[in-house]
Each structure stands twice: as C-alpha cells, then as structure tokens.
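The values are calculated or read from the model by the stated rules, or taken from the named source; none is laboratory data. This one's a predicted model, so the numbers in the text were calculated from it and none came from an experiment. With ideal geometry, Cβ positions are generated from the backbone for all residues, glycine too; neighbour counts draw on all protein chains shown. For the accessible areas, the whole protein counts, side chains as well, though only heavy atoms, and no ligand, DNA or RNA atoms are used. Shrake-Rupley method; radii C 1.70, N 1.55, O 1.52, S 1.80 Å.
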Amino acid sequence: MSRIGKLPIIIPEGVQVKVSGDNVVMVTGKLGELIQTINPDITVKVEDGKVIVQRPSDDKKHKSMHGLYRALIANMVIGVSEGFKIVQELVGIGYKAQANGQLLELSVGYSHNIFFELPPEVKVETRTERGKYPIITLTSNNKQLLGQVAAKIRSLRKPEPYKGKGIRFQDEIIRKKAGKVAAE
C-alpha cells in the first residue's frame, strides 16, 4: 500500500470537504475554495472528520495515483485553512522590487524594469530594509499556483554561480564556483 495514500487527512475546524458523484473534490475554508478532479479509478470518502483515499488494485499506476491524489487533497485542506507562503530575496547591487496591487515591478540589472502581473489568487508584498536584500513575499491558498509563480519570478534572474547574484528563495543555498586564478 502507498505509505502516503493510506494516511487519512484530518479535516480541521471550519473546513468543509465535499465529493460529488463525478469525482470532483471541493474544499471550502476561511481562505477560499479549491476544486480538484480525481481519476475515476480512485475513490474518495469523507467520514468522521477525515478524508480517506482508496485505490482498486496494487497496479503501479493505481499506487502512484493513490499517493498523488491524497497529497493534492491534503494540500487543498491546508491551503484553505492556513495558506502557503514563499519568500524570495533579490541578491545584487541596485536590485529592487516594488508591488502595486497585482503588478510586481522588478529592477534586477537589466536596462529596463520588468513588470510581472500576478494571478488574482496570489498576493504579494515587498520589503526593503537598509543594509539587507529586498524581499518578496508571495501568499496563496493554492500551493501549485504559488510554486509556479515563484519559479517564474526566479527565472527572470536566476542566481549565478560566481557571485550568487539573482533572485533566490530565502533559505536557498547556492553552490559557488571558484573564479579564474591569475597566472604568476
């Protein structure tokens, strides 16, 4: 049995989970509503304040879908009750970030500023303190969408391996390379 798939998902206070007949799971909480379509082979039951995901056989395909859909539903429950947060920092001289509603303006060493429009489900905050790197904080109830947006922002200026300049996740460790050594 899938180690992840067999674990029940405990539904916290204030969260409702509904499973419709056409295998659509809808999770509603204080931070919004998320919907996920489930493969018809996998069955999802809600009983006694827990969500249980079951599979019909021990096929490799069924085992992998079992763990996948359990993890997706667990992320939906956490998302609508607590939400998710990703923090990124801009490492480099003169790098700046400014948020205007759903528009993020980045100055990351190019000849022009980059304007990045965020989806309405993702909220952004920027913070610049003297002597520290500018910080971008992204929050959302949808973990998948949040990760995609954070990866897209990071791809605008990936950290380079010599000085470590670029957009990185807050506790990310960049492996640095040794530069050229002058001949003596």
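Table for the structure above
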{"read-out": "Complete set of residues in region 127-182 that are surrounded by fewer than 14 Cβ atoms within 10 Å (Cβ to Cβ) and of a type in the set (F, W, Y)", "value": "Y162"}
{"read-out": "Residue check for V87: β-branched (V, I, T), within 30 Å of V108 (Cβ to Cβ) and surrounded by 15 or more Cβ atoms within 10 Å (Cβ to Cβ)", "value": "yes"}
{"read-out": "Residues (within 15 Å of S81 (Cα to Cα), surrounded by 14 or more Cβ atoms within 10 Å (Cβ to Cβ) and polar (S, T, N, Q)) located in region 13-48", "value": "T28"}
{"read-out": "Complete set of residues in region 57-91 that are under 27 Å from L156 (Cα atoms), over 14 Å from the mean Cα position of the chain (by Cα) and either in a helix (DSSP H, G or I) or among the aliphatic types (A, V, I, L, M) (or both)", "value": "L90, V91"}
{"read-out": "Check on G67, open to solvent by less than 20 Å² (accessible area, probe 1.4 Å), touching a residue at least 24 places away in the same chain (Cβ under 8 Å) and farther than 15 Å from S140 by Cβ", "value": "yes"}
{"read-out": "Hits in region 103-126 (condition: within 16 Å of L145 (Cα to Cα) and surrounded by 14 or more Cβ atoms within 10 Å (Cβ to Cβ))", "value": "F116, L118, E121, V122, K123, V124"}
{"read-out": "All strands (runs of 3 or more DSSP E) inside region 114-184 with 2 or more residues being over 30 Å from K30 (Cα atoms), in contact (Cβ under 8 Å) with a residue 12 or more places away in the chain and not small (G, A, S)", "value": "114-117, 166-169"}
{"read-out": "Tally of residues being under 16 Å from N75 (Cβ atoms), in contact with an Asp or Glu (Cβ under 9 Å, 6 or more places away or on another chain) and in a loop (DSSP other than H, G, I, E, B) across region 9-56", "value": "2"}
{"read-out": "Residues of region 90-102 classified as touching a Pro at 6+ places or on another chain (Cβ under 7 Å) and open to solvent by 30 Å² or more (accessible area, probe 1.4 Å), total", "value": "2"}
